[in-house]
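A.B. asks: Got a structure for you, written out below as structure tokens; questions coming shortly.
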Amino acid sequence: DVTNSSFGADGENPLRIFVSAKKDINDIFVKVEKFVQNVHEFYRSYGDEFLTSKSKLQQIESSVSKIAGIRDVLSRNNMKVAFFGRTSNGKSTVINAILQNKILPAGIGHTTNCFLQVEGTDETEPYIEVEGTRRNIESVNHLANALNTESLGDSTLVKIFWPKSKCPILHDDVVLVDSPGTDVSANLDKCIDLYCLDADVFVLVSNSESTLMQTEKNLFIKVKEKLSKPNIFILNNRWDASALEPESLDLVRKQHMMRDTDFLVDELNVVAEDEAKDRVFFVSAREVLGARIEAGQGKPVTLGNYANGFEGRFKEFLDFEKKFEQCLSKTAVQTKFSQHTLEVIKMTSDMNQLLDDIFRQTMAMRNEKMNQIKALKDRVNYIKQQFHILTNEVKHQICHLVKQVEHKV
Ligand code: GTP
Ligand code: MG
């Protein structure tokens with residue numbers, strides 16, 4: 001049974017894997033930064049004695065600034081999901097359903113006219129940023145008006161900063177990118193390069209009332225050309241429409257499933273046949289959004305407002321969220337942290353090498369000093385010996401002289 005509590009998005013949270021990995025890696029980098037700074041300080045204070053070239057000091061200095069740079073990048077790292085599909089398929093509604101609130105403007109006709117990136121802010125009020133300029137937003141309607149200006153071309157990126165406290169998924173470092181319809185935007189190619197090549201997951205929001213169109217496919221073929229193995233999910237949205245024709249529901253589902261699987265497995269070659277079932281879902285974003293808004297207001301969800309089969313579609317949306325969050329978290333950890341981890345391993349081993357070199361140099365200097373001391377000792381002994389011989393000789397001569405004098409006397 002779908003209970004009221006399940007209209008939220010709580011339970012086991014795969015996104016936490018990324019969030020805690022990010023924290024752990026940051027902690028490691030703080031330690032490495034301290035270690036490298038210590039090596040730097042040590043090297044500088046003993047520098048003149050050990051340094052034959054300045055290059056090692058420069059190497060340490062560049063490591064210090066590199067680590068600061070990596071820590072900065074790490075702190076801004078997030079998990080990015082980009083949504084594409086034809087106009088009115090429900091891209092903005094899907095994002096709102098995930099955010100559990102009507103944030104992005106959605107409606108019939110061509111609604112989203114530029115790229116919208118939703119991300120979390122620690123501030124309490126939302127704001128937007130257009131080409132680096134910040135504008136405060138008082139309400140969701142205000143946001144719709146702000147976005148509805150002629151001046152925003154379809155290749156503009158508007159960043160929407162929404163309070164993390166109001167949206168759990170934004171709290172977990174997820175960034176969602178909404179796009180204008182694949183059939184109406186002429187600049188999608190350029191925009192994929194600009195805003196989406198670093199996306200960890202791509203979601204194709206398709207319309208289950210019609211069929212996967214070539215324009216939608218072309219876009220994902222382009223994505224595949226640029227990224228060797230993109231993570232792609234297909235959402236057959238508006239599946240509530242199937243409730244009106246229960247007799248053809250199974251058949252239509254099978255048809256979509258086959259077409260979507262062919263696309264992912266044979267045409268794009270991004271997943272194996274047995275994995276495709278975890279990439280294709282049949283949902284109704286409008287129903288999920290409606291139910292979540294009701295649940296968020298503490299009202300009981302009025303099941304009568306939804307078409308037959310609502311609970312199954314709702315569960316399928318939850319399943320989609322779980323699978324895409326797992327994929328997102330795993331990919332983001334691999335792509336965003338593994339390179340930095342390798343870099344830091346190399347850096348600490350270089351530092352160890354430097355310290356080893358210093359140790360060897362110190363030992364060599366110590367040995368050299370020991371040899372010098374020994375030579376000095378030998379010399380002192382020699383002189384002492386000479387002095388002894390000389391003293392005896394003088395004594396002997398004096399004795400001899402004394403005797404001679406006595407003799408004459
Ligand atoms: P553009 O921004 O114009 O590209 O469209 P979009 O893909 O963002 O679609 P949007 O989310 O604006 O939804 C278009 C219309 O379809 C809205 O009126 C939504 O309420 C409606 N809609 C979205 N999802 C569903 C759904 O699952 N079922 C039904 N019946 N309607 C939906
Ligand atoms: Mg839209």
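The values are calculated or read from the model by the stated rules, or taken from the named source; none is laboratory data. Just so it is clear, the structure is predicted and the values come from calculations on it, not from any experiment. In this analysis, Cβ positions are derived from the backbone assuming ideal geometry, glycine residues included, and neighbour counts consider all displayed protein chains. Surface accessibility is based on the protein's heavy atoms, side chains included, excluding ligands, DNA and RNA. Shrake-Rupley method; radii C 1.70, N 1.55, O 1.52, S 1.80 Å.
A.B. asks: Would you please give the residues with an amide H less than 5 Å from that of Asp183, counting only those at least 5 places away or on a separate chain, with H modeled from the backbone geometry?
C.D. replies: Close amide H contacts, sequence-distant or interchain: Thr87.
A.B. asks: So what are the ³J(HN,Hα) numbers for segment 232-245, from phi and the Karplus equation (6.51, -1.76, 1.60; θ = phi - 60°), rounded to whole Hz, Gly and Pro as x?
C.D. replies: 10, 10, 10, 9, 7, 7, 6, 6, 4, 4, 5, 5, 6, 10
A.B. asks: Something else: Need the C-alpha centroid separation for segment 181-257 versus segment 335-409, integer Å.
C.D. replies: The distance from the Cα centre of segment 181-257 to that of segment 335-409 comes to 80 Å.
A.B. asks: Going by accessible area, probe 1.4 Å, with all protein chains left in place, what is the ranking of Thr335, Thr121, Thr341, largest first?
C.D. replies: So the residues, ranked largest to smallest area, are Thr335, Thr341, Thr121.
A.B. asks: Using a 10 Å cut-off on Cβ atoms, rank the peptides 274-287, 351-364 from the highest mean neighbour count down.
C.D. replies: Answer by packing, highest mean first, reads 274-287, 351-364.
A.B. asks: Another one. Calculate the dipole size of segment 111-193 relative to its Cα centre from +1 charges on Lys and Arg beta carbons and -1 charges on Asp and Glu beta carbons; express the result in debye to the nearest 20.
C.D. replies: Roughly 160 debye for segment 111-193.
A.B. asks: Read phi for every residue in segment 123-129 and hand back ³J(HN,Hα) as whole Hz from Karplus 6.51 cos²θ - 1.76 cosθ + 1.60, θ = phi - 60°, with x for Gly and Pro.
C.D. replies: 5, 8, 10, x, 8, 10, 10
A.B. asks: I need the Debye-formula profile for segment 282-372: one equal scatterer per C-alpha, no solvent, reported as log10 I(q)/I(0) at q = 0.12, 0.24 1/Å, two decimals.
C.D. replies: Here the Debye-derived log intensity ratios amount to -0.64, -1.11.
A.B. asks: Please compute the contact order of segment 107-239 in relative form: average sequence separation of alpha-carbon pairs under 8 Å and at least six residues apart, divided by the residue count, as a percent.
C.D. replies: Over segment 107-239, the number comes to 27 percent.
A.B. asks: List every residue whose amide H lies under 5 Å from the amide H of Val280, counting only residues 5 or more places away in sequence or on a different chain, with H placed 1.01 Å from N in the peptide plane.
C.D. replies: Correct list: Ile234.
A.B. asks: For Ala186 and Asp266, what does the FRET efficiency come to when R0 = 25 Å and r is the distance between their Cβ atoms, rounded to the nearest 0.05?
C.D. replies: 0.30
A.B. asks: Give the aspartates and glutamates reachable from Lys226 as a straight Cα distance under 12 Å; neighbours fewer than 8 places away on the same chain don't count.
C.D. replies: Candidates past the 8-residue exclusion: Asp189, Asp193, Asp198.
A.B. asks: What nm value, rounded to one decimal, do you get for the distance between Glu311 and Glu209 when each label is placed 7 Å out toward the C-beta?
C.D. replies: Placing both labels 7 Å along Cα→Cβ, they lie 2.7 nm apart.
A.B. asks: On the first, second and third principal axes, largest extent first, how far apart are the outermost C-alpha atoms of segment 50-102 in Å?
C.D. replies: 69, 22, 9
A.B. asks: Then there's this: Among the listed pairs Lys22/Lys80; Lys34/Lys346; Lys159/Lys330; Lys277/Lys315, which have their C-alpha atoms separated by more than 18 angstrom in this model?
C.D. replies: Lys159/Lys330
A.B. asks: Quick check: at a probe of 1.4 Å, how many percent of the accessible area of segment 293-342 sits on carbon and sulfur atoms? Please report the intermediate quantities before stating the final value.
C.D. replies: Values: 1440 of 2630 Å².
Heavy-atom surface of segment 293-342 belonging to carbon and sulfur, 1.4 Å probe: 55 percent.
A.B. asks: For the chain, with every protein chain kept in place, what is the accessible area per residue (1.4 Å probe, Å²)?
C.D. replies: On a per-residue basis, the chain sits at 56 Å².
A.B. asks: Mean 1/r over all different Cα pairs, inverted: what Kirkwood radius does segment 134-226 give, in Å?
C.D. replies: Numbers: mean 1/r = 0.0645 Å⁻¹.
Value: 15.5 Å, from the Cα pair sum.
A.B. asks: I've got another one for you. Need one number: % antiparallel among DSSP beta bridges in the chain, to the nearest 5.
C.D. replies: So the antiparallel bridges amount to about 30 percent of the total.
A.B. asks: Let me ask another. Report the Stokes-Einstein translational diffusion coefficient (µm² s⁻¹, integer) for segment 345-409, Rh taken as the Kirkwood radius over Cα pairs, at 37 °C with viscosity 0.692 mPa s.
C.D. replies: Stokes-Einstein gives a translational diffusion coefficient of 196 µm²/s.
A.B. asks: Evaluate the charge dipole of segment 198-254 about its Cα centre and quote only its size in Debye, nearest 20, assuming +1 on the Cβ of each Lys and Arg and -1 on the Cβ of each Asp and Glu.
C.D. replies: 360 debye
A.B. asks: Let me ask something else. Carbon-plus-sulfur fraction of the accessible area of segment 129-247, 1.4 Å probe, in percent?
C.D. replies: Working: 2560 of 5400 Å².
So the carbon and sulfur contribution to the accessible surface is 47 percent.
A.B. asks: Using a 7 Å offset from the Cα along the Cα-to-Cβ direction at both Val409 and Leu57, what is the distance between the two label points in nm, to one decimal?
C.D. replies: It works out to 7.5 nm between the two label points.
A.B. asks: Still on this structure, I have one more. With N set to the residue count of segment 189-296, report its C-alpha Rg divided by 2.2 N^0.38 Å to two decimal places.
C.D. replies: Values: Rg = 15.1 Å, N = 108, 2.2 N^0.38 = 13.0 Å.
Compactness ratio reported: 1.16.
A.B. asks: Obtain the radius of gyration and the Kirkwood radius of the chain from its C-alpha atoms and give Rg over Rh.
C.D. replies: A ratio of 1.41.
A.B. asks: OK, next. To the nearest 20 debye, what is the magnitude of the charge dipole of the chain about its Cα centre, counting +1 on the Cβ of each Lys and Arg and -1 on the Cβ of each Asp and Glu?
C.D. replies: Values: 52 positive and 58 negative charges, 543 e Å.
So the dipole magnitude of the chain works out to roughly 2600 debye.
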